[in-house]
Amino acid sequence: MEYSFKEIEPRWQERWREDKTYRVEVDASRPKFYVLDMFPYPSGAGLHVGHPLGYIASDIYSRYKRLKGFNVLHPMGYDAFGLPAEQYAIQTGQHPAVTTEKNTARYREQLDKIGFSFDWDREVRTCDPAYYKWTQWAFLKMFAHYYDRAAQQAKPIEELVARFEQNGTEGVDAASTVELHFTAEEWNNKSEAEKEQVLQNYRLAFRADTMVNWCPKLGTVLANDEVKDGLSVRGGHPVEQKRMKQWLLRVTAYAQRMLDGLDNLEWSDSLKEIQRNWIGRSVGAQVFFDIVGNDKKLEIFTTRPDTIFGVTFMVIAPEHEMLSELTTAEQKEAVEAYIAEAKKRSERERMAETKRVSGVFTGSYAINPFTGREIPIYASDYVLSGYGTGAIMAVPAHDSRDWAFARHFGLEITPVVEGGNIEESSYDAKEGKMINSDFLTGMDVKEAIPMMFQEVEKRGLGKKLINYRLRDAIFSRQRYWGEPFPIYYKEDTAYPLAEEQLPLELPPIANFGPTEQGEPPLARAEGWCNEEGYPFELSTMPGFAGSSAYFLRYMDPKNNEALVSREANDYWRQVDLYVGGIEHATGHLMYSRFWNMFLYDLGYVCEEEPFRKLVNQGMIQGRSNFVYRVVGTNKFVSLGLKEQYETQEIHVDVNIVKNDILDLEAFKQWMPDFANAEFILEDGKYICGWAIEKMSKSMYNVVNPDYIVENYGADTLRMYEMFLGPLEQSKPWDTNGIDGVHKFLKRLWRLFYDRDGKYLVTEEQASEKELRTLHKTIKKVTEDIEHFSFNTSVAAFMICLNELDDCSKREILEPLVVLLAPFAPHICEELYHALGHTTSVCDATYPAFEEKYLTLSTFEYPVSINGKLRFKKEYDLNLDPASIQADVVNQPEAQKWIEGKTPKKVIVVKGKIINIVI
RNA sequence: GCGGAUAUGGUGUAAUUGGUAGCCACGACAGACUUAGGAUCUGUUGCCUCACGGCGUGGGGGUUCGAGUCCCUUUAUCCGCACCA
């Protein structure tokens, strides 16, 4: 009987579905473990072989934990709102819900074939009203709260209103868009709309008129993490800066907590570093500079207050609100020309030309508060309006950008720190002795910085301040296929829906593009207003809204009363292991931490951080194959001979190439153009060229998991994906090599059944050697799983089989099958039952290794003498190292090399003699 | 420019964490069984050399009895951030 995966795998998948083998419930008697995958966006292209990599790893870990006695929550769902379905809808008129449903079914079919242990009863879809009710609910909560910085916590907005009514802004320390000051009287005299206007400055979900990333091609605004190099991440369309009124989430309120929280997470250092950079904390000083002939002061932010004696000019951003006021009559024309030019340049150009120096003198002067000198104020786009105060004090001697600017405009460069050669470049390092700096002169930079923080405060010039690069997240999209905002408008004032009115369902429309007036598609919806006729918000929520709390919903997916019940949350708490791509570092992984912290502040969840341990699987790249057409003919020349001809390189479908050898018949049938192809072969074969590229349809290098399952089985696919290399490393998919893993499973099968289907397993006692092999394997595999080193654990199974040498003893095979079950569940389930069990291998007991089998016997070790002699001898581990030394020295073999001399030194490491020095 | 990661046979990789470099596979070569093989099994396979032996973990240097592993330096590739004051 042959190993027939085609028969075995569907049979067990069916059985698992019927028996609900993977259903999981709260069970206080057992320890819990929560393993989560990043849920997929169901795209029309279906899964390729790279998508399941992380899912397979997490599935192995889930199954392993289950065998170890944990109650494992391992759910799956779909991130179903999104751009591609909507773009498709605009082109075809087909409703995104229909496309999404179709794609989801296809995904499910593909996932099922791989044999995952998901509890599908807990499936969530972000586009399901019963699900997005809770996305809208969280939004309403954010709308109804502000962030109290003193208490480091979100609090109800009513508490803030009460404080305003009592004392105005006096004593209020709240996260806000701009710092406001008013008295209780002023507050109480405001109209309802005016009060709301003020509150928008504090709400955690708020509407503001800000500079946003506007993508004209997509017709929507985008968050910072959705833009890269001035292009939209989805589609690669140009993005411009535009002032618009948009909904935002005040994620900046949580900047410090998100930064601090990283320290206690088991995430990779590189991922933590990306988040730290994205938050971008910097400690500096706010300093106010007097302006000549103006009562107002110019506020700047600097991290180098120590260099203040070297300030020779000031620079403000072209968008700075004081620019027109600072511009003198003589400079008006030049400044306006500069602003006009700066506006014309796209964000992309501006970023590409960072070396270009441009700017304009405003005509005004500021006064250096320490030297009393008058210094010119310039405007330049190298100063960003969005960071700090949009104004800087320029220290050309110690900042390379200021240096370039000073050189360009012929401004003075005064060194204040010793070091470097300021004729050639600025000296930016934060080390050295201070010079030309009055009372700082002679000090070290490291002493001068804290000294100046004090001095600035003492003189009333400003104060120490912490700045973050993190921006509030733009939360509205001018799109259809997303969660509607539970918001309606009276005049221009936003009002929340009552919780009881949720979910506010997406209305049906027929045309999915923006209106002629440029309004979002929801403007086309009939009766898109509340009972009183007040219109609802026309934008919808962004993609990250639905994925920000889905891990909580899995804990209690059918609850209609709460996002997650207290009972379920208290049990499952947080995700113990999260597996997914690093591309979500500054998007989803930031937003869901924010979202979770907010719910934590409100007492809805019991853990501040959502994901305790996170593993980033690497990307699977494609491995493309090429054929070489002789130019102007229909002849194709094999790789080794192509230098003799003038050839054209053509991508060929990797599925008709094996081990880089082209299947000639399949090639002829592949495309009509090649039906009459002729070949110039080498050794009777056509050898293709290859290259590592992104896996994509246009490169014909997409390998479909169904294809692998069809030809080798799910168990082979699972093991081969793990065998390919370390989980976290990016690597190309190469179907060559899959035979090795497949052969392993066939050999395992052979230990149970011979060719004629005769059952071979015996009750015979295992030998010492066999037991050693088994226990060595258990130890190795267990350790490797714990370290997510699945490639080496697969190798360990292969070594085990090599060493076992056709052993068909139950004593060995039964533990082995359980050990292998997380990797190859179908065949192991089959073999486990063949051993006489009637329950699932998922409920077996994980085999423990016994140390005695590993340590009882003697072991081999090497000895080298002066790096020359190498010989082996077996010793008992329990022997005293000293006696081993004596023994080795006295051995004739060793003596021959020592040649009668007394060794100077015998080096023993962990009871092993490593070297003898004569 | 700043930050992070990686570099080992023809290929994917491994290395008890400072201790015989190349485990486990793929591929290749040879053989066995076969009508046949893209099945199965056995053997060989880092490089140079008939061999003895020598060389070998991107390059150069260092620490050490001993370095793929630690330190310095350099090159290449990938990733993240990018006028962040």
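Assorted remarks:
- Partner lysines for residue A:296 [C-alpha distance under 25 Å; skip if fewer than 8 residues away on the same chain]: A:332, A:458, A:463, A:464
- Per residue, chain A exposes an accessible area of 45 Å² to a 1.4 Å probe, with every protein chain left in place.
- Rounded to the nearest 20, the Cβ-based charge dipole of the stretch A:428-511 about its Cα centre (Lys and Arg +1, Asp and Glu -1) stands at 360 debye.
- Dipole moment magnitude, nearest 20 debye, chain A about Cα centre, only Lys, Arg, Asp, Glu C-beta charged: 1920 debye
- Dipole of the stretch A:614-685 [Lys/Arg +1, Asp/Glu -1 at C-beta], most positive-end residue of A:621, A:654, A:634: A:621
- Convex hull volume of the stretch A:199-343 per residue (C-alpha atoms, cubic angstrom): 192 Å³
- Computed over the Cα atoms of chain A, the ratio of the radius of gyration to the Kirkwood radius (Rg/Rh) comes to 1.04.
- Taking all Cα pairs closer than 8 Å and separated by 6 or more residues, the relative contact order of the stretch A:501-581 comes to 15 percent.
- In degrees, nearest ten, helix A:269-279 long axis to first principal axis of chain A (Cα): 10 degrees
- Cα-based helix-to-principal-axis angle, A:400-409 vs chain A, degrees rounded to 10: 40 degrees
- Burial order of peptide ranges A:109-121, A:707-719 (average beta-carbon count within 10 Å, highest first): A:707-719, A:109-121
- Farthest toward the positive end of the dipole of chain A, out of A:307, A:765, A:482, is the Cα of A:765, where the dipole comes from beta carbon charges about the Cα centre.
- Within the accessible area of chain A (1.4 Å probe), percent carbon and sulfur: 49 percent
- Cross-link partners of residue A:245 among lysines, defined as those whose alpha carbon lies under 17 angstrom from its own and excluding same-chain residues fewer than eight positions apart: A:490.
- Each part gets one Cα centre, and for the stretch A:713-757 versus the stretch A:425-491 those centres are 54 Å apart.
- Centroid-to-centroid separation of the stretch A:556-606 and the stretch A:185-237 [C-alpha atoms, Å]: 25 Å
- The Rg/Rh ratio for the stretch A:535-694 is 1.32, where Rg is the radius of gyration of the alpha carbons and Rh is the Kirkwood radius.
- Taking other residues whose beta carbon is less than 11 angstrom from the beta carbon of residue A:413, and scoring Lys, Arg as +1 and Asp, Glu as -1, yields -3.
- Between the listed residues A:557, A:546, A:528, the Cα displaced farthest toward the positive end of the dipole of the stretch A:511-587, a dipole computed from Cβ unit charges relative to the Cα centre, is found at A:557.
- Size descriptor, Kirkwood hydrodynamic radius, that averages inverse alpha-carbon separations across the stretch A:398-508, Å: 19.8 Å
- Peptides A:301-309, A:184-192, A:724-732, ordered by how many other C-beta atoms sit within 10 Å of their residues on average, highest first, read A:301-309, A:724-732, A:184-192.
- Theoretical gain in end-to-end length, residue A:760 to residue A:696 [0.36 nm per residue, Cα-Cα removed]: 18.4 nm
- Under-5 Å amide H pairs with residue A:727, H placed in peptide plane, nonlocal only: A:790, A:791
- Expected 222 nm ellipticity per residue - DSSP helices of 4 or more, -39500 (n - 2.57), all of chain A, to 500: -10000 deg cm²/dmol
- Partner aspartates and glutamates for residue A:217 [C-alpha distance under 13 Å; skip if fewer than 8 residues away on the same chain]: A:240
- 0 to 90° range, to nearest 10: angle between helix A:738-752 axis and chain A longest Cα axis: 40 degrees
- Over the stretch A:260-333, relative contact order from alpha-carbon pairs under 8 Å, at least 6 apart, %: 18 percent
- 3J(HN,Hα) from dihedral phi, the stretch A:432-446, Karplus parametrisation 6.51/-1.76/1.60, rounded to Hz, x for glycine, proline: x, 9, 6, 9, 6, 10, 6, 6, 8, 3, x, 6, 7, 3, 5
- Pair-distance profile P(r), taking every C-alpha pair of the stretch A:612-676, with 10 angstrom steps and integer %: 18, 44, 20, 9, 7, 3, 0
- Surface/4 of the Cα convex hull for the stretch A:674-817, nm²: 12.8 nm²
- Per-pair calculated FRET efficiency, R0 = 60 Å: residue A:711 and residue A:561 via Cβ, rounded to 0.05: 0.80
- Over chain A, Cα pairs under 8 Å with separation of 6+ residues give a relative contact order of 13 percent.
The values are calculated or read from the model by the stated rules, or taken from the named source; none is laboratory data. Quick caveat: nothing in here was measured; it's all calculated off a predicted structure. Every residue, glycine as well, gets a Cβ built from its backbone with ideal geometry; the counts of neighbours run over all protein chains shown. Just the protein is used for accessible areas: all its heavy atoms, side chains included, with ligands, DNA and RNA removed. Shrake-Rupley method; radii C 1.70, N 1.55, O 1.52, S 1.80 Å.
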